[in-house]
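Undergrad: One structure follows; several queries about it will come next.
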Protein chains: 2
Amino acid sequence: MTDAFSFTLHKTDGMARRGDFVTPHGRVQTPAFMPVGTAGTVKGLTPEVVRDTGAEIVLGNTYHLMLRPGPERVAALGGLHTFMNWPLPILTDSGGFQVMSLSSLRKLTEQAVTFRSHLDGTMFELSPERAIEIQALLGADISMQLDECLKLPAKRDEMQRAMQLSLRWAERSRRAFESRAREGYALFGIVQGGDDIPLRQESARELIDIGFEGYAVGGLAVGEPQDVMLKVVEETTPALPADRPRYLMGVGTPSDLLEAVARGIDMFDCVMPTRNGRHGMAFTRFGQINLSNARHAHDPRPLDEESPHPAARTYSRAYLHHLVKANEILGAVLLSTINIAYYQALMAGMRAAIEAGRFADFRTDTLAGWSQGDIAAV
Amino acid sequence: MTDAFSFTLHKTDGMARRGDFVTPHGRVQTPAFMPVGTAGTVKGLTPEVVRDTGAEIVLGNTYHLMLRPGPERVAALGGLHTFMNWPLPILTDSGGFQVMSLSSLRKLTEQAVTFRSHLDGTMFELSPERAIEIQALLGADISMQLDECLKLPAKRDEMQRAMQLSLRWAERSRRAFESRAREGYALFGIVQGGDDIPLRQESARELIDIGFEGYAVGGLAVGEPQDVMLKVVEETTPALPADRPRYLMGVGTPSDLLEAVARGIDMFDCVMPTRNGRHGMAFTRFGQINLSNARHAHDPRPLDEESPHPAARTYSRAYLHHLVKANEILGAVLLSTINIAYYQALMAGMRAAIEAGRFADFRTDTLAGWSQGDIAAV
């Protein structure tokens, strides 16, 4: 336990940063990748398996938990850490992104967003204050402000309107968070502004004026090409304070992670390692490997005999191919495990490289390795 | 490694038996329950998880592996132990039961059964010799003879015909098995005869004349009431040699296991702990618990705080209920784990009770415990 949320920056290498932050449930080394525990579970994996991949923090989705089983019930059951048996740090999103992408009949006002549950049609209201309340009920170590997230491309006046609404919601979120005074817990603000750099920089300045324990770059990975995303990242991170963690939300491929760390990002979350794992795809040092491909049917080699994770060293490609073709649950379980472990190994590699001042070499070597897979790991 | 398959009977208590057998991949304590690894995987579970439940042997299905990925491919990949990363003993069935229950366009002759794969319509032929060959290719520690398995009730002349065909196939299976001479590996004969006791006893006598390392009671758990099944078991086991293991195929509920051990059975396999686990059902000391039931939604208690398995002690009923309602893979994974662990704990309890000469008390106490669950654990 510590009194306050704290971030320590140990080393920089170019714009890449090596640090850690301390939460009530423990320390997280950065750059960090957070597996996504959508509905109170990283899909298919026990918490022990998730920990053994090297993950030090997971993400929980406010939207999903709000609908089912409900934050009041999770709180009555001891909070999300106890509920899902994950004793390490948890970051929760605010629900805004899923309201936009999953629910129907949304109505957005200055006050709140109302929407219909995609599960059973029940109407819900989510305001900045309720999003903070829900995340407090869940017991999140790090909460996120409610924001409005647009799909890209979007018109500039739309991006500006959404960014400014998100700023007003940031201020209300901060006030609601302060009123609860949970020592050591953190609230992150979210930079918006679409792909418009001046809007992004304005958003960053205004958020810093309000003051947060960390800053996220939101509204990316929503359909734009990688170069657009990276351009926004590299023009935004210099506007953020060096002594606070920076979180690129919902990103991404291994390549996205490597390039975003090179541009000063410290934290990531993405469903890709688990979702692709459920669809027969493996992330490896050699790029993405599609295990449903018939050429793996006779291949006795493991995915990566030098992997730090036993599952990637042990099971043959032929066996994984068999599990995928037979639609066996274990295929989803093993590939989700292997993929999260690869993401964690990639982050550990980046952390070590930054410490050693050789991040540029690590990036070159890693990119070269990926070119050996089934498809370009862009 | 040992030179020959060997079974040791340590203790009896009434008709209940405490023993062990030794295979090329290790020792198995009896009475034993074998989790079913249908298609080269105990559904949803890594081999480490299966071992941690206490399982010392798993079953593989010849029918499923014959269709996909094919026994020649499994052999080329090092055999089933290597393929599925399970270093302990494996028993394989002969495929006969699944041919009858899953495939279409079966044609049964004296020579063999031909059938159409339920996966892709390919025609296959399975003879007693091919069944032995497949199981040798898989590398099974214990192989089963090909037999003909009828659904019950059936007419006496049908049961007699199938039993006699199974005996002729037993003899051919034995010859095919001997011609391969795999030191320490075992072949079990299968007693048939439906619910007709004289047919069963004739079948047992003839099989003993052929000579096997162990004897199975087949053709049960195919629709008959429990009392019919137990009657056949108790009239059959006395006809089997005391110095060989006795295996009741495809059985059953915890109650079936308890009652069959009381009647001299040493080995079991069943998909019930995994299949029911995938459908939200938990097996516990308190009987079966249906976790989809709304009354568990707020219940912070674990399934069994005194369980030897951490999953049964750790996760709340409310969390398991949530996973089941949200159709999360982890629900299937945790309940399959918990159920196999309960089956293993039940077997361990029976073994300890037989050793201590208090099997009757154990049976009474166990039956009393089950009456506390959601539904009678019959």
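Undergrad: Over region A:125-261, how many percent of alpha carbon pairs lie in each 5 Å bin up to the one with the longest distance?
TA: 2, 11, 22, 23, 20, 13, 7, 2, 0
Undergrad: Hey, what number do you get for the protein assembly as shown at 222 nm if only DSSP H runs of n ≥ 4 count, each worth -39500 (n - 2.57), divided across all residues, to the nearest 500?
TA: Details: 30 runs with 314 residues, N = 756.
The per-residue figure over the protein assembly as shown is -12500 deg cm²/dmol.
Undergrad: If the label for A:Ser292 sits 7 angstrom from Cα along the Cα-to-Cβ line, what are its distances to the same label in every other copy, in nm to one decimal, shortest first?
TA: So the label point of A:Ser292 gives 2.7 nm to the other copies.
Undergrad: Hey, what's the Cα Rg ratio for region A:318-373 versus the globular rule of thumb, 2.2 N^0.38 Å?
TA: 1.50
Undergrad: Based solely on C-alpha atoms, express the radius of gyration and the Dmax of region A:212-360 in angstrom.
TA: Calculated on Cα positions, Rg and Dmax stand at 17.1, 53 Å.
Undergrad: In the Gaussian network model of chain A, springs joining C-alpha atoms below 10 Å, which of A:Asp147, A:Asp20, A:Asp209 carries the largest mean-square fluctuation?
TA: Maximum among the listed residues: A:Asp209.
Undergrad: Provide the gained length on full extension for the span A:Glu235 to A:Asp365, in nm with one decimal, where the gain is 0.36 nm per separating residue minus the Cα-Cα distance.
TA: Once the chain is fully extended between A:Glu235 and A:Asp365, it gains 44.2 nm.
Undergrad: Taking every pair of alpha-carbon atoms in region A:31-170, give the share separated by more than 26 Å as a whole percent.
TA: The proportion of pairs with Cα distances above 26 Å equals 26 percent.
Undergrad: Oh, and also: Based on the Kirkwood radius over alpha-carbon pairs, what value in µm²/s does the Stokes-Einstein equation return for the translational diffusion coefficient of region A:149-193 at 4 °C and 1.567 mPa s?
TA: For these conditions, the coefficient is 109 µm²/s.
Undergrad: Checking the cross-link filter: which lysines have an alpha carbon closer than 20 Å to that of B:Lys325, excluding same-chain neighbours under 8 positions apart?
TA: A:Lys43, B:Lys43
Undergrad: Same structure again: Let me know the Rg and Dmax you get for region A:32-82 when you use only its Cα atoms, in Å.
TA: Here Rg and the maximum Cα pair distance are 11.3, 31 Å.
Undergrad: How much solvent-accessible surface does B:Tyr215 expose, in Å² to the nearest 10, with a 1.4 Å probe and all protein chains in place?
TA: 10 Å²
Undergrad: Just to be sure I understand the model, the point goes 7 Å from the Cα along the line to the Cβ. What's the resulting B:Arg175 to A:Asn293 distance in nm?
TA: So the two model labels end up 4.8 nm from each other.
Undergrad: Right, another one. Give, in whole angstrom and from largest to smallest, the semi-axes √(5λ) of the equivalent ellipsoid of region A:1-107, with λ running over the eigenvalues of the Cα gyration tensor.
TA: That gives 27, 18, 14 Å for the three semi-axes.
Undergrad: Moving on. Rule-of-thumb check for the protein assembly as shown: C-alpha Rg over 2.2 N^0.38 Å?
TA: Numbers: Rg = 29.6 Å, N = 756, 2.2 N^0.38 = 27.3 Å.
In units of the globular-protein estimate, the protein assembly as shown measures up at 1.08.
Undergrad: I've got another one for you. Provide the solvent-accessible area of A:Val222, counting protein heavy atoms only and rolling a 1.4 Å probe, rounded to the nearest 10 Å².
TA: Only protein atoms counted, so the area is about 20 Å².
Undergrad: Let me ask something additional. Please sort through the DSSP H helices of chain A and keep those with an alpha-carbon extent of at least 30 Å along the long axis and a Kyte-Doolittle average not below -0.5.
TA: Span-like helices, by this rule, are A:329-355.
Undergrad: Remind me, what semi-axes does region B:283-378 give for its equivalent ellipsoid, largest first in whole Å, using sqrt of 5 times each Cα gyration tensor eigenvalue? Intermediate values should be presented prior to the final figure.
TA: Working: eigenvalues 140, 38, 21 Å².
Over the Cα atoms of region B:283-378, the semi-axes work out to 26, 14, 10 Å.
Undergrad: Now, a different point. To the nearest 20 debye, what is the magnitude of the charge dipole of chain A about its Cα centre, counting +1 on the Cβ of each Lys and Arg and -1 on the Cβ of each Asp and Glu?
TA: About 620 debye.
Undergrad: What is the percent carbon and sulfur in the accessible area of the protein assembly as shown, measuring with a 1.4 Å probe over the protein chains and ignoring ligands?
TA: Of the solvent-accessible surface of the protein assembly as shown, carbon and sulfur hold 49 percent.
Undergrad: Once both labels are modelled 7 Å past Cα along the beta-carbon direction, what's the A:Glu183-A:Arg68 spacing in nm?
TA: If labels sit at A:Glu183 and A:Arg68, their model points lie 3.9 nm apart.
Undergrad: For B:His322, A:His64, give me the order by solvent-accessible area with a 1.4 Å probe, most accessible first, ignoring ligands, DNA and RNA.
TA: A:His64, B:His322
Undergrad: Here's a follow-up. Let me know the whole percent of all Cα-Cα pairs from chain B that are separated by more than 26 Å.
TA: It works out to 50 percent of all Cα pairs.
Undergrad: Separate question: Under the 0.36 nm per residue contour assumption, what length would be gained going from the current alpha-carbon distance of A:Glu305 and A:Leu105 to full extension?
TA: This chain segment gains 67.0 nm when fully extended.
Undergrad: Obtain the nm distance between the two label points defined at A:Thr12 and B:Thr8 by a simple spin-label model: each point lies 7 Å from its Cα along the Cα-to-C-beta direction.
TA: A separation of 7.0 nm, rounded to one decimal place.
Undergrad: Using a label point 7 angstrom from Cα along Cα-to-C-beta, what distances in nm, from shortest up, separate B:Ala75 from the other copies?
TA: Output for B:Ala75: 6.5 nm, nearest copy listed first.
Undergrad: Using a 1.4 Å probe on protein heavy atoms, which residues of region B:313-354 have at least 50 Å² less accessible area in the complex than alone?
TA: By number: B:Tyr315, B:Tyr319, B:His322, B:Glu328, B:Ile329, B:Leu330.
Undergrad: Leaving out ligands and nucleic acids, and using a 1.4 Å probe, what accessible area per residue does the protein assembly as shown come to in Å²?
TA: 36 Å²
Undergrad: Determine, at each q value in 0.11 (inverse angstroms), the log₁₀ of I(q)/I(0) that the Debye formula gives when each Cα of region A:233-318 is one equal point scatterer.
TA: Those come out to -0.43, one per q.
Undergrad: Taking region B:274-378, which trypsin sites (Lys or Arg not before Pro) meet the DSSP loop condition and have no more than 16 other C-beta atoms within 10 Å? Spell out each step's value before the answer.
TA: Working: sites: B:Arg275, B:Arg278, B:Arg285, B:Arg295, B:Arg313, B:Arg317, B:Lys325, B:Arg351, B:Arg358, B:Arg363; in loops: B:Arg285, B:Arg358.
In loop regions of region B:274-378 (DSSP not H, G, I, E or B), the sparsely surrounded trypsin sites (Lys or Arg not before Pro) are B:Arg358.
Undergrad: If you don't mind, another one. Summed for both chains, how many Å² of accessible area, to the nearest 100, are buried between B and A with a 1.4 Å probe?
TA: 2800 Å²
Undergrad: As a test of reading the structure, rank A:Arg51, A:Arg200, B:Arg161, B:Arg130 by solvent-accessible area (1.4 Å probe, protein chains only), most first.
TA: So the residues, ranked largest to smallest area, are A:Arg51, B:Arg161, B:Arg130, A:Arg200.
Undergrad: Mean-square fluctuation check for chain A, GNM, Cα pairs under 10 Å: which of A:Ser143, A:Ser173, A:Ser292 is largest?
TA: The residue that fluctuates most here is A:Ser292.
Undergrad: With the cut-off at 17 Å, report for region B:274-315 the share of all Cα pairs above it, as a whole percent.
TA: 28 percent
Undergrad: Could you work out how much longer the chain between A:Arg313 and A:Ala352 gets when fully extended? Use 0.36 nm per residue separation minus the Cα distance between them, nm to one decimal. Mind showing how you got there, number by number?
TA: Working: separation 39, 0.36 × 39 = 14.04 nm, distance 2.19 nm.
So the chain would gain 11.8 nm between A:Arg313 and A:Ala352.
Undergrad: Same structure again: Please enumerate, by chain and number, the aspartates and glutamates with C-alpha under 18 Å from the C-alpha of A:Lys231, excluding those fewer than 8 residues away in the same chain.
TA: A:Asp195, A:Asp196, A:Glu202, A:Asp256, A:Glu259, A:Asp266
The values are calculated or read from the model by the stated rules, or taken from the named source; none is laboratory data. From a predicted model like this one, the values you see are computed outputs, not experimental measurements. Don't worry about glycine lacking a Cβ; one is built from the backbone with ideal geometry, like all the others, and counts go over all protein chains shown. Just the protein is used for accessible areas: all its heavy atoms, side chains included, with ligands, DNA and RNA removed. Shrake-Rupley method; radii C 1.70, N 1.55, O 1.52, S 1.80 Å.
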